[in-house]
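Let me begin by presenting the structure, written as structure tokens, before commenting on it.
Since every read-out is calculated from the coordinates, none of them should be taken as a lab result. Keep in mind the model is a prediction, meaning the values are calculated, not measured. Don't worry about glycine lacking a Cβ; one is built from the backbone with ideal geometry, like all the others, and counts go over all protein chains shown.
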Amino acid sequence: MAIPASVEQRARWVLDMVGAPEVRLGEDLPYRPEAWEAIERGQLPEGDQIAEGFFHLARVEERGAERDRHGRFLAASSCLDPLDPPLERLRRELGAEPPRYRGAAFAVALTHDVDVPWRWTRIGVLGAAARLKTHVLGGRVGPALHEARGLARVPLHKLRGTDPNWRFAEIAAEERAHDARSTFFLMAGHGHRADGASPEAYDRLRPRLVETILEADAEVGLHGSYLAADDLGQLARERLLLAQLDGPLIGHRYHYLRVDPHRNLAPLAGIGFRYDASLGFPDALGFRAGIAHPFRPWDFERDRPADLVEVPLAVMDATLAEERYAGLSAAAAKPRVLGLLDRAAEHGGAFSLLWHPERFDAPSARGWDRLYFELIDAVRERGGICLAAGELAGLAAERFGLPRD
């Protein structure tokens with residue numbers, strides 16, 4: 001039975017992404033046309049591992065799917081188990097060895113989204129006071145004490161000219177001490193309240209922020225603003241603004257993880273990005289595309305792999321800590337992340353971990369700062385390496401035959 005050229009190309013992409021380029025659909029693996037027809041209907045195919053792999057890797061289930069109020073596809077709506085990625089099962093069943101990264105068994109890209117570079121602006125103080133009042137009236141003792149302790153330290157920060165969020169050089173220095181390097185994704189646009197309450201403070205601090213991060217030998221990427229996810233022209237303008245400070249700007253992550261693989265992922269290459277690190281679930285640990293390694297996203301408009309590397313986002317501090325998600329303490333969150341690292345050590349993997357800079361102020365971090373560096377040590381103990389997202393994307397780009405920078 002003749003295999004349509006479009007199916008051949010889609011199957012070839014899946015096999016290339018799992019490191020099995022020598023396998024042939026219709027020869028080494030059976031071709032089942034009904035499975036590929038199911039994909040066209042947006043249904044999960046059965047009895048065909050390659051078709052199922054395309055369904056997950058290309059995020060077919062997200063086409064026209066229900067999303068939350070921020071336009072995000074949640075793990076709660078997905079048919080896959082993000083902690084048991086099906087493309088990795090396929091890799092093992094085909095006997096394909098997972099890629100190694102500088103000789104390491106697995107790799108973790110350390111990343112930080114800089115949403116609020118300076119906490120104690122006027123609006124920041126008023127916001128903290130309002131939250132304190134709300135917590136007190138609601139009888140939430142723990143959150144109320146947390147806000148009260150933070151506000152009590154405001155006069156000392158004002159006197160010293162410091163701020164609990166401005167810890168970028170210290171974070172990068174501590175990472176270097178752990179033989180690691182990270183990426184800071186910075187904003188360059190504020191068109192929505194979700195982008196932060198003090199855009200003028202961010203604009204004023206941005207040049208100093210870029211200088212501080214680069215001097216600390218960390219990487220700068222763009223954190224595309226809330227509305228830029230719906231306006232690629234706006235995203236291009238934000239990239240241009242930040243590139244004027246940073247020079248080569250190759251990495252990106254959408255604010256609020258507002259990425260849609262059918263709409264605003266593949267076009268990033270045309271704007272000038274070499275990699276993206278947005279594709280993760282805000283409400284769960286694991287792998288949204290069913291693969292635990294960087295991959296080239298599928299470009300539905302051109303029906304071919306995009307000229308872009310996607311670095312999967314597998315771990316985010318907010319997913320673990322925030323009440324709207326898991327609502328865990330740092331101590332309770334640790335075994336969950338260690339379980340994912342154990343899996344990576346056993347089966348291989350390369351993905352990004354996101355820790356927001358505001359979780360590094362020791363008096364208010366409630367242990368999340370210590371957990372971050374404990375996880376870096378845990379990666380090394382398991383035979384992995386920690387590096388910046390651009391470094392990991394560059395290694396993957398080389399494997400895919402794409403430009404590295």
Item to complete: Measure out, as a whole number of angstrom, how far apart the alpha-carbon centroids of the stretch 346-405 and the stretch 1-33 sit.
Response: 33
Worksheet item: With each run of n ≥ 4 DSSP H residues scored as -39500 (n - 2.57), what mean residue ellipticity at 222 nm is computed for the chain after dividing by its residue count and rounding to the nearest 500 deg cm²/dmol?
Response: -13000 deg cm²/dmol
Response to the item:
Net charge (Lys, Arg +1; Asp, Glu -1) of residues whose beta-carbon lies under 14 Å from that of ALA20, ALA20 excluded, is -1
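Could you tally the net charge around ASP217, taking each other residue with its Cβ under 11 Å from the Cβ of ASP217, Lys/Arg +1 and Asp/Glu -1?
-1
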Discussion item. If the elastic network links every pair of Cα atoms under 10 Å, which of GLY327, GLY272, GLY64 fluctuates the most in the Gaussian network model of the chain?
Written reply: GLY64
Worksheet entry | Among THR162, ALA144, ALA128 - extreme Cα towards positive end, dipole of the stretch 120-162, charges at beta-carbon | THR162
Item to complete: Sort SER198, SER364 so that the residue with the fewest other Cβ atoms within 10 Å of its own Cβ comes first and the one with the most comes last.
Response: SER364, SER198
Worksheet, complete the sentence: Per principal axis, largest first, the Cα atoms of the stretch 256-360 extend in Å by 46, 31, 21
Worksheet item: If the convex hull of the alpha-carbon atoms of the stretch 5-73 is projected onto planes in all directions, what is the mean projected area in square nanometres?
Response: 5.1
Discussion item. Can you tell me the length gained on complete extension of the stretch ARG176 to ALA326, counting 0.36 nm per residue apart and subtracting the Cα distance?
Written reply: 51.0 nm
Response to the item:
With R₀ set to 41 angstrom, the calculated FRET efficiency between the beta-carbons of ALA169 and GLU27, to the nearest 0.05, is 0.15
Practice prompt. Name the residue, out of ALA345, ALA177, ALA169, whose mean-square fluctuation peaks in a Gaussian network model built on the chain with Cα pairs under 10 Å.
Written response: ALA177
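Please compute the length gained on full extension between ALA2 and LEU240, using 0.36 nm multiplied by the number of residues separating them and subtracting their Cα-Cα distance.
Full-extension gain reported as 81.0 nm.
Beta carbons within 10 angstrom, averaged per residue: use that to sort the peptides 375-385, 132-142, highest first.
375-385, 132-142
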Worksheet entry | Choice from PRO45, PRO117, PRO30 with maximal GNM fluctuation in the chain (Cα, 10 Å cutoff) | PRO30
Worksheet, complete the sentence: Going residue by residue through the stretch 263-275, the Karplus relation 6.51 cos²θ - 1.76 cosθ + 1.60 with θ = phi - 60° gives ³J(HN,Hα) values, rounded to whole Hz and with x marking Gly or Pro, of 9, 10, 9, 4, x, 4, 4, x, 7, x, 7, 9, 8
Fill in: Label-reachable residues, the stretch 315-352, where backbone N falls under 16 Å from a point 7 Å from ASP84's Cα toward its Cβ
340, 343-344, 347
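Place a +1 charge on the Cβ of each Lys and Arg in the stretch 120-162 and a -1 charge on the Cβ of each Asp and Glu, then give the dipole magnitude about the Cα centre in debye, rounded to the nearest 20. Write down the numbers at each step before the final one.
Working: 8 positive and 1 negative charges, 21 e Å.
The calculation lands at about 100 debye.
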Fill in: Angle between the chain longest axis and helix 5-17 axis [Cα atoms, degrees, rounded to 10]
50
Discussion item. Compute for the stretch 120-162: radius of gyration divided by Kirkwood radius, i.e. Rg/Rh, restricted to C-alpha atoms, rounded to two decimals.
Written reply: 1.03
Worksheet, complete the sentence: At the level of C-alpha centres, the distance separating the stretch 246-272 and the stretch 184-240, in angstrom, is 13
Item to complete: Using only alpha carbons, build the gyration tensor for the chain and give me the equivalent ellipsoid semi-axes, biggest first, whole Å.
Response: 38, 21, 21
